[in-house]
Amino acid sequence: MRYAIISDIHSNLEALEAVLEQIEKEQIDKTFCLGDIVGYGPNPNECVELIRKNCEIILTGNHDYACVEPSELIYFNRFAKQAITWTLKNLSEKNLNFFSNFSFKTKINNINLVHANPHTPESWDYILSIDDAIFNFSKFDGQLCFIGHSHQPIIYIENSEQKYITKEEREMELLPDCRYIINVGSVGQPRDNNPASAFGIIDTSTNRYELLRVGYNIEKTHKKMIKANLPEFLADRLLIGK
Ligand code: ZN
């Protein structure tokens, strides 16, 4: 099977459309979404609808969750908070209701999927270092765990001697005696100094993982955000992918 794993769309319609177009070309069997469909960007409704149409599994991210649990907003910085307030004004009732049915973590064919971390997904704690990864390796069963949340693609590997390394490879073979925590990056707001959308593909027949980067019309999204009065900082960071 070939699975596409996408995360952190953040209401960026141009990015999502470009990624879905690429997924179409990649002969994917199923697409999984690790959450944060909304927040930051200008097209929450279109993104929720497209994700629902195209993804077999849809997990909840902290921004999606904040739309239905306003108490979560205390953890947000002022730009993120402003964007959620804007999103709530613009999200249709139907799409908002979709977020009430949340799921933080799931497992399909031995592949763990979660937005933030497998240990306590609803804490939204980040996995940003090898130490964070080591702690989380002991908190899931199976070989693989896909995450998003930090918007930075990275691969953490545990080998059979319980040694740990980090890799930034775009393509790699998954070895049977290793375990992996893989961050697939962000579709709609990459933060690894590359403004192109990121997502992952896992091929279970060849045991290969690939990180794809797809360009999209960033200027168009940027213009829409400025016109919608969303924070300029959030629009500008798309141009540099940071
Ligand atoms: Zn996010």
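The values are calculated or read from the model by the stated rules, or taken from the named source; none is laboratory data. Just so it is clear, the model here is predicted, and its values are computed rather than measured. Cβ: placed from backbone, ideal geometry, glycine included. Neighbour counts: every protein chain shown. When the accessible area is computed, the model is the full protein with side chains, heavy atoms only, and any ligands, DNA or RNA have been set aside. Shrake-Rupley method; radii C 1.70, N 1.55, O 1.52, S 1.80 Å.
Structural remarks
- Inside segment 195-242, residues that are within 27 Å of Leu175 (Cβ to Cβ) and either away from the ligand (no atom under 16 Å from the Cβ) or open to solvent by 60 Å² or more (accessible area, probe 1.4 Å) (or both) make up a count of 13.
- The one condition in (1) open to solvent by 50 Å² or more (accessible area, probe 1.4 Å); (2) out of contact with any His (no Cβ under 6 Å at 6 or more places or on another chain) that Leu144 fails to fulfil: (1)
- Test: residue in segment 84-106 that is in contact with a strand residue (DSSP E or B) (Cβ under 9 Å, 6 or more places away or on another chain), without any contact (Cβ under 8 Å) to a residue 60 or more places away in the chain, surrounded by fewer than 16 Cβ atoms within 10 Å (Cβ to Cβ) and within 23 Å of Arg179 (Cα to Cα): yes
- Residues (open to solvent by 10 Å² or more (accessible area, probe 1.4 Å), within 16 Å of the ligand (Cβ to nearest atom) and among the polar types (S, T, N, Q)) located in segment 151-190: Gln152
- Taking segment 63-119 as the range and being among the acidic types (Asp, Glu) and over 16 Å from the mean Cα position of the chain (by Cα) as the test, the residues that pass are Glu69, Glu72, Glu93.
- Positions within segment 180-194 being on the phi > 0 side of the Ramachandran plot and within 9 Å of the chain's Cα centre (by Cα), in sequence order: Gly185
- Residues in segment 122-138 that are closer than 20 Å to Ile9 by Cα and open to solvent by less than 10 Å² (accessible area, probe 1.4 Å): Ile127 alone.
- Close contacts from segment 27-42, counting a first residue that is small (Gly, Ala, Ser) and a second that is within 10 Å of the ligand (Cβ to nearest atom) and in a loop (DSSP other than H, G, I, E, B), with Cβ to Cβ under 6 Å and a gap of 6+ residues or different chains, come to Gly35/Gly61; Gly35/His115; Gly39/His10; Gly41/His10; Gly41/Gly188.
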